[in-house]
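Beneath this line is the structure, given in structure tokens, with notes to follow.
The values are calculated or read from the model by the stated rules, or taken from the named source; none is laboratory data. Small disclaimer: the values here were computed from a predicted structure and weren't measured. Here the Cβ positions follow ideal geometry from the backbone for every residue, glycine too, while neighbour counts run over all protein chains shown. SASA here: full protein model, heavy atoms, side chains in, ligands and nucleic acids out. Shrake-Rupley method; radii C 1.70, N 1.55, O 1.52, S 1.80 Å.
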Amino acid sequence: MSVEEEIRIKDLEKQIEELSFIHGICDKFGSYLSLRKDVDIVMFFLVNAENKRRYVEIIDNFTGKGWGRSTIEKHLRDLTAHGILKRTHLPGEYEIAYDLSRDMDLLIHYLIGDSLYRLAKKSWEKEEYRY
């Protein structure tokens with residue numbers, strides 16, 4: 001094996017190792033900041049006892065954090081399309097899906113998608129996490 005091939009193999013091994021962490025996976029296949037914004041919105045709903053929020057509340061809260069209105073609306077549409085948020089019978093009101101608000105593993109699965117979830121799960125099985 002030539003020196004160039006060995007360097008190439010080591011480079012590929014390093015890339016695979018970087019992708020084994022969830023941040024590496026998110027940075028490679030999607031935006032970590034976008035995922036972070038989805039999580040912030042979900043946490044905003046979970047703080048409320050009823051897991052419901054009005055559109056105006058959501059806009060006021062996140063524009064106060066420097067988010068653009070179009071960014072907030074995009075994330076609300078995406079979360080609604082994924083079934084994480086639902087529109088209620090009142091106009092402009094959203095609620096988080098009941099089963100997702102109780103099961104964080106399922107919520108993460110919906111947020112990052114099936115393929116990334118499987119990849120992350122495979123990575124988590126190899127590691128022992130203690131807090």
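Scan region 44-78 residue by residue and report those that are in a loop (DSSP other than H, G, I, E, B), open to solvent by 40 Å² or more (accessible area, probe 1.4 Å) and over 19 Å from His89 (Cα atoms). Hits for region 44-78 are Gly64, Lys65, Gly66.
Based on what the data block shows, is Ile25 of a type in the set (A, V, I, L, M), assigned to a helix (DSSP H, G or I) and at pLDDT below 80? Yes: the conditions hold for Ile25. The set of residues in region 81-131 being open to solvent by less than 50 Å² (accessible area, probe 1.4 Å), more than 21 Å from Ala49 (Cβ to Cβ) and either at pLDDT 85 or above or of a type in the set (Val, Ile, Thr) (or both) consists of Ile112 alone. Checked against (1) modelled with pLDDT under 75; (2) within 30 Å of Ile16 (Cα to Cα), Ser34 meets all criteria but (1).
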